[in-house]
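Heads up: the structure comes next, in structure tokens.
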Amino acid sequence: MSGAVTPELKLPPKVSGEKPGVGHMEEFSVNFARFLMRCNDECGELAEYNMAGQQTVLMSGPAAQEAFLKGLDKHLSRAAAYQATVPVFGKGVIFDAPPDRMKTQLKIQVDALRYQNMKSYAAVIAEEVEAWVSDWGEEGELDFLDEFIRLTLNTACHCLLGADFRYRMTAEFKALYHDLEKGLQAIAFVDPYLQQPLFEARDNARARLQELISEIIAERRADPDTTYGDALETFMSGTYSDGTSLSDNEITGLVIATMFAGHHTSSGTAAWTAVELARCPEYTADILEELTALFGGGQDLTFENLREIPRLEAFIEEVLRLHPPLVLLMRRVIEDINYEGTLIEAGKTVAISTYGSHRNPVFFPDPETFNPCRDRASTPEMMWAYIPFGGGPHKCAGNAFAMMQLKSIFAALLPKYEFELVDPPEDYQDDLSAIVLKPSSPSRLRYRRRT
Amino acid sequence: MAMKISIDRALCQGHSVCLGECPEVFNVEESDDAYPQVVLLQETPAEELRDKVMAAARYCPNHVITVTEV
């Protein structure tokens, strides 16, 4: 992409079916992943649609996706595109912070996910998973989406906020969290400040969560000699370049942003992994064999031991291909772009669809077939086609944490229990009613202890 | 055959896995206001470091490190 704009540039082709006033909003809201696939089918690499007045250009294919993902904030702004997150994360936090402060906040967030911390997170996750399955008994039936929402909220809290907070968590906390998630539906990306009960609940939840987290911050400030080894400690010790610390509001916001980034994305992927394992007994048998070889002697699920489990990794990667938790990534165009002879004007939004990219038959033949053994990353071009964590300078910084957690969960579960579907296979569908993809409810599986 | 290491700093977010695996070859430079970044201490390390270098490259979450044979 270059900034040089000449008069003979084309404009991106427009997607059909636009309605007065709302544009493509209605079709988008029904199933945005399928809508974006239609845009690409109809118009090709660039496809312009209208979100209630906000012109948005969908960029499809590895080359366009690479240009999108390599874009720097000063050209393709994440902050301007993700204003819907501001009431959720808080004023002055990440996408509402001035560029320099945003950069530092994101750096402090990644500091909490570095190598040293990951080792203690692995131990915490193993402990949580063991506690979680301890009352399962010989056999039973569970809604695994609900179960994984519960488990990953516990692991996220425990890793990021410490044992303290984790064991004092109440039903209230979970309900607040749920309200925040509902506040990020598609309508929030049009106007997150509409008068709606949904947004009122979101704002009340944000305020109350800040009270809860501020209490813990105050307790820790009063007891400066204790160390915790969790993300909150990293956030509290982080500083801006002028030496000042993050405010309570910013720390709270960073906690919410981190939990939000890691929680529902992980629970949805874990639930889809469980469903696909139940649907694919032949792959499950191969993974079980691999896990037995690695952990059959009672080896612990430590960070080191979890680093390399190729069959399980390939299986999870295939889950992420068909069910990428974040379907739609967006940026706001800050200055006019010349993309291969087409003008994308400043003020428009550009978007990429992981869901559509992962179903492109050129790169993923027979795309709807679940096949862990297929190629997903053998060439640079494939790397820009397979983008469950995005890519480039703004790639999801939690990708290693997410993979480690998923591997830990299934390395613990599979040797203990076998799983089967309760409902007909076609009843398990992608649910796109929230911004994070998950399996449709209920996601019931039957489990039985292995003999 | 000897190893030659190259790094793509544009992809680095400072996760520091490489530093954990092979501190003889990789360091991570801290920065006040941006992601810390990997720094290569040796471009063509000795053969006895091969396993550690390969582990650093394999486990880097952002695939920043490339090892070629020269």
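The values are calculated or read from the model by the stated rules, or taken from the named source; none is laboratory data. Here the structure is a predicted model, which means the values were calculated and not measured. As a convention, Cβ positions derive from the backbone with ideal geometry for all residues, glycine included, and neighbour counts pool all protein chains shown.
Table: residues versus (1) at pLDDT below 90; (2) part of a helix (DSSP H, G or I); (3) not β-branched (Val, Ile, Thr).
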residue	(1), (2), (3)
A:Thr155	no, yes, no
A:Cys159	no, yes, yes
A:Phe165	yes, yes, yes
A:Leu184	yes, no, yes
A:Ile187	yes, yes, no
A:Tyr193	no, no, yes
A:Phe199	no, yes, yes
A:Ala205	no, yes, yes
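Here the condition is being within 14 Å of chain B (Cβ to nearest Cβ) and in contact (Cβ under 8 Å) with a residue 40 or more places away in the chain; of A:Phe401, A:Phe410, it holds for A:Phe401 alone. The residue list A:Thr265, A:Thr269, A:Thr292 contains one member that is in contact with a strand residue (DSSP E or B) (Cβ under 8 Å, 6 or more places away or on another chain) and hydroxyl-bearing (Ser, Thr, Tyr), which is A:Thr265.
Pick from A:Thr56, A:Thr85, A:Thr104: which is polar (S, T, N, Q) and within 14 Å of chain B (Cβ to nearest Cβ)? Walk me through it before giving the result.
Numbers: A:Thr56 fails: within 14 Å of chain B (Cβ to nearest Cβ); A:Thr85 fails: within 14 Å of chain B (Cβ to nearest Cβ).
Exactly one residue qualifies, and that residue is A:Thr104.
Which helices (runs of 4 or more DSSP H) sit wholly inside the stretch A:330-429 and have at least 3 residues that are closer than 21 Å to B:Ala10 by Cβ?
Hits in the stretch A:330-429: A:380-385.
Close contacts from the stretch A:1-14, counting a first residue that is assigned by TED's automatic domain parsing to the domain that holds A:Glu45 and within 16 Å of A:Gly71 (Cβ to Cβ) and a second that is at pLDDT 95 or above and aromatic (Phe, Trp, Tyr), with Cβ to Cβ under 6 Å and a gap of 6+ residues or different chains, come to A:Met1/A:Tyr339.
May I ask you to list the residues in the stretch A:38-87 that are at pLDDT 95 or above and of a type in the set (Val, Ile, Thr)? The answer is A:Thr56, A:Val57, A:Val86.
From the list A:Phe315, A:Phe260, which one is closer than 21 Å to A:Met102 by Cβ, of a type in the set (Phe, Trp, Tyr), assigned to a helix (DSSP H, G or I) and in contact with a helix residue (DSSP H, G or I) (Cβ under 9 Å, 6 or more places away or on another chain)? Reasoning before the result, please.
Numbers: A:Phe315 fails: closer than 21 Å to A:Met102 by Cβ.
Testing whether each residue is closer than 21 Å to A:Met102 by Cβ, of a type in the set (Phe, Trp, Tyr), assigned to a helix (DSSP H, G or I) and in contact with a helix residue (DSSP H, G or I) (Cβ under 9 Å, 6 or more places away or on another chain) leaves just A:Phe260.
Of all the numbered requirements in (1) of a type in the set (S, T, N, Q); (2) free of Cβ contacts under 8 Å to residues at least 60 places away in the same chain; (3) touching a helix residue (DSSP H, G or I) at 6+ places or on another chain (Cβ under 8 Å), A:Ser134 misses one, and that requirement is (3).
A:Ile435 satisfies every condition listed in (1) away from every other protein chain (no Cβ under 14 Å); (2) farther than 27 Å from A:Met330 by Cα except (2).
In the list A:Tyr121, A:Tyr177, which residue meets the criterion of being under 23 Å from A:Ala274 (Cβ atoms), within 14 Å of another protein chain (Cβ to nearest Cβ) and buried (at least 16 other Cβ atoms within 10 Å of the Cβ)?
Values: A:Tyr177 fails: within 14 Å of another protein chain (Cβ to nearest Cβ).
Result of the check over A:Tyr121, A:Tyr177: A:Tyr121.
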